[in-house]
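Let me begin by presenting the structure, written as structure tokens, before commenting on it.
The values are calculated or read from the model by the stated rules, or taken from the named source; none is laboratory data. Everything quoted here is computed from the prediction, not taken from an experiment. Note that each Cβ is placed from the backbone with ideal geometry, even for glycine, and that neighbours are counted across all protein chains shown.
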Amino acid sequence: MNIKFLVGDKIELNISKRIFQTFILVAIAISGLDFIFLLIGELTDLSDSYTLDKAFKYSVLIMPYRIYDMFGYFCLLSALIGLGSLTDQGEIIASRILGKSFFRIILASFRPILVLVLLGLLASDIWIPNLSQKAEEDRSLARDLVAYDSGYWIKKDLSFIHIDSIPDDELLDGIVIYELDANHRLNGIIEADSASLLDGVWHLEGFHERLNVKGNISSVDGTGLWKNGPKEFDLQPILSHRYLSMTELIQRINSESEISKKSEASLEFWKKVLQPLTTLGLLLLAASLLFGPMRDNKGGLRLLVGILIAFVLDLFQKLFGSISLVTSLSAFWAVMIPIIFMFLIAALSFRRL
């Protein structure tokens, strides 16, 4: 495979450039509106503790996940608008006269999107999960939504641990350690304001003994060193499925015993794995409609149809996802059926070319 097929000539580079520019404009426009509506929604929850600056910070930190979640629909609209404008300006016809097939034109429009998809997958595995989790935790703390019985529970060796909040992977807030002896009888209770992970070891801050039955609590020493604090994998099962990377989701699927939570993890895993295929289906659908039934329609109508398609497909995906959680339908097919549906519509439209 030569470099020209991967990059294209000047004509194809022009098409790729226009699609990329359109994608950026679409992403900024829709993300900007989504941010405004999100912030307005947060304003209704303002209080003495959850101030405007905290609501603004939450909205900013959660936006990368929301943008990634809408990525496929950005691609659909950018293809419809970008290729549509090239068609209206006669550049697609000119490209056809110069010998470019519909396949080469569509391939040129896919190239910048493919790069963005790969970057999005990388971000969703490395950067977005921790950022989103921190946003949700900070919001819950600021809004006083963390109650004693609504935090997180972890069993570690002979201890049961209750954690109010996990702002990030190296910080725990509101900790209560219930230590048991070898006969599973209560040995002591330790409370701490927070715990920080330093060089792989947890250190308690603001800790004290609330109860000491036998006088030999072993999990914490006098300096606050937490000897049997949770490991990274211990914390993963209590984080929201949508904020976990694909590797972490696989670990949760293999370790989760509760069927409903295992199904939720499987659904999120296949959504992430099949995200490139979903994006490809949306792009093919946009190209097939543009070069087929909607070839002679104006840009405004194309945009309206694109929004309607995005809305219907989103409902379609959520419907099958919900069905998989309450029936025997596998998570893979719950994600794959809407994708197959998109490819079928695209194939039928391409037959009219």
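Of note:
Condition check ((1) surrounded by fewer than 18 Cβ atoms within 10 Å (Cβ to Cβ); (2) farther than 30 Å from Met342 by Cβ; (3) not basic (Lys, Arg)) across all residues:
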{"position": "Ile19", "(1), (2), (3)": "no, no, yes"}
{"position": "Ile36", "(1), (2), (3)": "yes, no, yes"}
{"position": "Asp48", "(1), (2), (3)": "yes, yes, yes"}
{"position": "Lys54", "(1), (2), (3)": "no, yes, no"}
{"position": "Lys57", "(1), (2), (3)": "yes, yes, no"}
{"position": "Tyr73", "(1), (2), (3)": "no, no, yes"}
{"position": "Ser78", "(1), (2), (3)": "no, no, yes"}
{"position": "Thr87", "(1), (2), (3)": "no, no, yes"}
{"position": "Ile93", "(1), (2), (3)": "yes, no, yes"}
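- Criterion applied to Asp168, Asp221 was being closer than 18 Å to Lys134 by Cβ and either surrounded by fewer than 14 Cβ atoms within 10 Å (Cβ to Cβ) or modelled with pLDDT under 80 (or both), and the one residue passing it is Asp168.
- All conditions but one from (1) within 21 Å of the chain's Cα centre (by Cα); (2) outside the structural domain of Ala346 (by TED's automatic domain parsing) apply to Ile259; the one that does not is (1).
- Residue check, Leu43 surrounded by fewer than 17 Cβ atoms within 10 Å (Cβ to Cβ) and touching a helix residue (DSSP H, G or I) at 6+ places or on another chain (Cβ under 9 Å): yes
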